[in-house]
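Report on the structure given below.
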Amino acid sequence: MTDSRPDPESPIPPGITVSQRFSISLPQGATAYPIAVATWERLKRDILRITPAKHLYESAGWVCAGVAITTFLAMFMPSAVSAYTKVISWAVIFCFGVLAIALLALDSQQRENVSKSAKIVVDEMCETEKMFTEARDVGRPTGKSAEF
């Protein structure tokens, strides 16, 4: 029978030893823009101010349109509808129809404001990029020969 205790004279430590080699690739060279911390902080603030468009106004607008359309269709049902009911129905159609148009217009305006605020941040980033690309291109030869 063999002894399961480790040999104290053995150069290999007891247990299983696993080793693995890793190779780390160097990053590819890329263009970078060193920008001021104040500019970077301003861009972050501007991005945080962008609020995503909520579809609350659109949903409410379509619900109001549905109420107006349903009321309009209900007026033509073959039931005994009194004059008082017709007046109330027309009032509901008018109020909910106007409300639906107003809410859908408000939703459209809100989406436009969100896209404008995102465009402002992108324009600011493009201006910062342009500042560095113009500075980089100043010392670069253009390839044109001077004529005297």
Can VAL98 be described as more than 28 Å from THR31 (Cβ to Cβ), modelled with pLDDT under 80, among the β-branched types (Val, Ile, Thr) and surrounded by 11 or more Cβ atoms within 10 Å (Cβ to Cβ)? no
Among the residues of region 77-116, write down those that are among the aliphatic types (A, V, I, L, M) and not in a helix (DSSP H, G or I). MET77, ALA80, VAL81
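The values are calculated or read from the model by the stated rules, or taken from the named source; none is laboratory data. Small disclaimer: the values here were computed from a predicted structure and weren't measured. A quick note on method: Cβ atoms are made from the backbone with ideal geometry, for glycine too, and the neighbour counts reach across all protein chains shown.
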